[in-house]
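A short worksheet on the structure shown next.
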Amino acid sequence: MFMLAEKFMKTLKEIGLSQLEQPIFYHAPVGLRFEIGGEGKVYQNNSANPKYIRHALDRAWTIYKELPSVPDILQITVCGDYGTAEKSLSEIPLPDFDEGIEEQDGTQTSFYWDCSKLPKDTAKALFREIILADIGGNNLLTSSVFWMSTEGKYLFHLYDDRGADLISADKEILLPIYHKFHSWLLDYDRERMDKLFSEWNIVSDQKGIDNLQQEYGGFHDTCLVKLEYTTGSYVDEKGGMANGTPEEKELSMTFHSQWTKRPLELCFGGVRKLCIAGWQENYFCEILDCCLRFYTDLIPGRDAPLIVWADSASFSPKNVGRQLIEEPITSYVIAETLKWRYL
């Protein structure tokens, strides 16, 4: 029985693929595509540039160590019938395989290893060989090595020195990696990945506030780039005035940070009050810290929770009176809901 092969194909179908069709990123319903290529020139003195190789290996290995779970099956597909493929595979410094299956047409053979039996340094050593495959190494490993996690339901494929694909059955599994390595995503497919993974994070309790503050460094060294406020109000074709619902009083704010490369968007719903500082003669636009808190005593006679954001940690909505153009002006928002995402 070919238990590893059966488990591999079963998980592949659970991910959403009936077969290994490359590039797997374009055939999988959920996936990430990373740019692995190292810095600098690929070749140096007519051979592979060590700096380029080192950088590419570091990036591939860093992603591998952050995978949702440890892969349990390694598959390498080699061209040729069983005998030919096995002979070719012997050129690669790998332990003996556990299973080998010749495809029906005899044009390729798939070999499988139980990862729990492999030496600890196998993955990193194999990554180096894959990176070298197209630029002076053994091209047998180009686009032929796959790491499967049957428990985590994902497949990792470092195809050569240029890139790697990571696919899964569920985008929630890959979401942390999407955020952590966003700057390494392949620019060519970045828009596609952003549309799939850029989800809203809801701030509904103190834990949500803490997560946002930690994620964006307490808004230190940030600036407000733009905002858009919609009211839900309008005049219909008969001249009637629509007031708009509380939920439609929505404010979107985009921030840039000197420490985080990706823009951050805050979206407030049920906006009660807002004040935005414009041009100030004696102050820069830089935000050094912020106030982000829930209040339950801002509406007279009610304990309805409201969330408050301001571009100063010392801000208190209870001290807000009739503000004049007196510097420094504090920007603030008082609303019923808040959600955020990276753009």
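The numbers here are math on the coordinates, done by the rules we state, and not lab data. Note that this is a predicted model, so its numbers are computed, not measured. Every residue, glycine as well, gets a Cβ built from its backbone with ideal geometry; the counts of neighbours run over all protein chains shown.
Mean separation of Cα pairs under 8 Å and 6 or more residues apart, divided by the residue count, gives the chain a relative contact order of 15 percent. Among Phe156, Tyr188, Ser168, whose Cα lies farthest out toward the positive end of the dipole of the range 152-195, if unit charges sit on the beta carbon of Lys, Arg (+1) and Asp, Glu (-1)? Most positive-ward Cα: Ser168. Loop sites by DSSP among the chymotrypsin sites (Phe, Trp or Tyr not before Pro) of the chain, restricted to those with at most 14 other Cβ atoms within 10 angstrom, leave 3-199 as the longest stretch without any of them. Of the GluC sites (Glu not before Pro) in the range 31-97, the ones in a loop by DSSP (not H, G, I, E or B) with at most 15 other beta carbons within 10 Å are Glu39, Glu66, Glu91. About its Cα centre, the chain has a charge dipole of approximately 760 debye under the convention of +1 per Lys or Arg Cβ and -1 per Asp or Glu Cβ, with nothing else charged. Taking every DSSP helix (H) stretch of at least 4 residues in the chain, weighting each as -39,500 (n - 2.57) and dividing the sum by the residue count yields a mean residue ellipticity at 222 nm of -7000 deg cm²/dmol.
Taking trypsin sites (Lys or Arg not before Pro) in DSSP loop conformation with at most 13 other Cβ atoms inside 10 Å as exposed sites, the chain has its longest uninterrupted site-free stretch at 121-237.
Taking the Cα centre of the range 1-86 as reference, the dipole from Cβ charges on Lys and Arg (+1) and Asp and Glu (-1) amounts to some 300 debye. For the chain, the fraction of C-alpha pairs farther apart than 38 angstrom is 38 percent. Once the Kirkwood radius over Cα pairs is known for the range 149-252, the Stokes-Einstein relation at 4 °C and 1.567 mPa s delivers a diffusion coefficient of 72 µm²/s. Of Gly232, Ser116, Gln104, whose Cα points farthest to the positive end of the dipole of the chain (charges on the beta-carbon: +1 Lys, Arg; -1 Asp, Glu; origin at the Cα centre)? Towards the positive end, the residue furthest out is Gly232. Relative contact order of the range 112-220: 13 percent, from C-alpha pairs under 8 Å at least 6 residues apart in sequence. For the range 83-238, the alpha-carbon radius of gyration amounts to 1.56 times the rule-of-thumb value 2.2 N^0.38 Å expected for a compact globular protein.
In this simple spin-label model, placing a label point 7 Å from the Cα along the Cα-to-Cβ direction at both Val225 and Leu298 gives a separation of 2.6 nm. Taken over the range 253-343, the percentage of Cα pairs per 10 Å bin, counting from 0 up to the bin with the maximum distance, is 14, 46, 32, 8, 0.
Treating each Cα of the range 189-343 as one equal point scatterer and applying the Debye formula with no solvent, the log10 of I(q)/I(0) at q = 0.09, 0.13, 0.21 Å⁻¹ comes out as -0.33, -0.67, -1.48. The GNM of the chain, with springs linking C-alpha atoms under 10 angstrom apart, assigns the highest mean-square fluctuation among Asp160, Asp221, Asp205 to Asp205. Across the range 230-343, the relative contact order, built from alpha-carbon pairs under 8 Å that are at least six residues apart, equals 28 percent. Projecting the Cα positions of Gln75, Val145, Val320 onto the charge dipole of the chain (unit charges on Cβ atoms of Lys, Arg, Asp and Glu, taken about the Cα centre) puts Val320 furthest along the positive direction.
Residue pairs exceeding 26 angstrom between C-alpha atoms, taken from Lys41/Lys117; Lys51/Lys117; Lys180/Lys207; Lys120/Lys195: Lys41/Lys117; Lys51/Lys117; Lys120/Lys195. Taking N as the residue count of the range 1-45, its C-alpha radius of gyration divided by 2.2 N^0.38 Å amounts to 1.74.
When the distances between all Cα atoms of the range 18-156 are binned every 5 Å from zero, what whole-number percent does each bin get? P(r) over the range 18-156, rounded to whole percents: 2, 9, 17, 21, 21, 17, 10, 3, 0.
Of the GluC sites (Glu not before Pro) found in the range 169-278, those that fall in a DSSP loop while having at most 11 other beta-carbon atoms within 10 Å are Glu237. Dipole size of the range 28-163 about its Cα centre, with +1 on Lys/Arg Cβ and -1 on Asp/Glu Cβ: approximately 780 debye, rounded to the nearest 20.
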